Amino acid sequence: MSALPILRYPDPRLYKKAVPVTEFDGGLRTLVENMAETMYDAPGVGLAATQVDVHRQIIVIDLSRDKSDLRVFINPEIIEREGQQFCDEGCLSVPGIYEPVERAERIKVRAFDLNGKPFVLDADGLLAVCIQHEIDHLQGKVFVDYLSRLKQTRIKAKLQKQLRETA
Ligand code: GNR
Ligand code: NI
């Protein structure tokens, strides 16, 4: 397994739309393993393929402390949403930035597993936030896009400064 490089906001590749997976093969399994390693290494609680410059509809999430609850969503689709919640969100593509974003409190998501088997999951709380955050990535959206212009400008400046200082 190998950890993959993560694209950083405002990289234009974060704005590409992912296409559905059609082949549930060994290549997909390897990619998902590498995405999980990338997420655990970071560390983060979720990762969308978009963030590793693969523009296919694949998400991994693990909210456990001990890597014991890996969830894989292929071609995910939110089919119901209810209520609202605000959560301070962070993103591995926007390191060091945490801002509140409004999300649905409860969602029903339909997706396929690694074997191409469809499933439906009801999620609330942080899991629901995470799924919505990751599906946004697949659609070419970053949580920063929900913030004010002023905040977006400040975040871009801060990340550019970070890059210069680590160069
Ligand atoms: O690690 C992550 N933490 C997080 C916290 C609050 C809301 C969403 C997230 S997802 C993020 C990992 C990431 O960037 N996934 O795309
Ligand atoms: Ni993210």
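Once amide H atoms are built 1.01 Å from N in the peptide plane, which residues 5 or more positions from residue 56, or in another chain, come under 5 Å H to H?
Under 5 Å from the amide H of residue 56 lie the amide H atoms of 19, 50, each far enough along the sequence or on another chain.
About the Cα centre of the chain, what is the dipole size in debye to 20, counting +1 per Lys and Arg Cβ and -1 per Asp and Glu Cβ, all else neutral?
720 debye
So what is the relative contact order of region 74-120, in percent, for Cα pairs below 8 Å that sit 6 or more residues apart?
Relative contact order, region 74-120: 43 percent.
With the cut-off at 31 Å, tell me which of the pairs 117/156; 108/141; 108/158; 117/151 have Cα atoms farther apart than that.
Among 117/156; 108/141; 108/158; 117/151, the Cα-Cα distance tops 31 Å for 117/156; 108/158; 117/151.
Through the Karplus equation 6.51 cos²θ - 1.76 cosθ + 1.60, θ set to phi - 60°, convert the phi angles of region 138-153 into ³J(HN,Hα) values in whole Hz; use x for Gly and Pro.
Here the 3J(HN,Hα) series is 5, 8, x, 10, 10, 4, 4, 4, 7, 8, 5, 3, 4, 5, 4, 5 Hz.
Stick to Cα atoms and the Kirkwood definition of Rh, then tell me Rg/Rh for the chain.
Using only Cα positions, Rg/Rh for the chain is 0.95.
Counting only residues 5 or more places away or on other chains, whose amide H sits under 5 Å from the amide H of residue 87 once H atoms are built in the peptide plane?
101, 103
In square angstrom, what is the accessible area per residue of the chain with a 1.4 angstrom probe?
Accessible area per residue, the chain: 54 Å².
List the relative contact order of region 22-92 as a percent without decimals, with contacts defined as Cα pairs under 8 Å and 6+ residues apart.
21 percent
Once you keep just the Cα pairs under 8 angstrom separated by 6 or more residues, what percentage relative contact order results for the chain?
Here the relative contact order equals 23 percent.
Order the peptides 45-53, 18-26 from the highest to the lowest mean number of other Cβ atoms within 10 Å of their residues.
45-53, 18-26
Tell me which of 85, 96, 120 sits at the most positive position along the dipole axis of region 1-124, charges placed on C-beta atoms (Lys, Arg +1; Asp, Glu -1).
Toward the positive end, the furthest listed residue is 120.
Along region 85-90, what does the Karplus equation 6.51 cos²θ - 1.76 cosθ + 1.60 (θ = phi - 60°) give for ³J(HN,Hα), rounded to whole Hz, x for Gly and Pro?
So the J values, rounded to whole Hz, are 8, 10, 9, 5, 9, x.
The values are calculated or read from the model by the stated rules, or taken from the named source; none is laboratory data. Keep in mind that what you see is a predicted model, and the values were worked out from it rather than measured. Cβ coordinates were reconstructed from backbone atoms using ideal geometry, including for glycine residues, and neighbour counts include every protein chain displayed. The accessibility values were calculated without ligands, DNA or RNA, using every heavy atom of the protein model including side chains. Shrake-Rupley method; radii C 1.70, N 1.55, O 1.52, S 1.80 Å.
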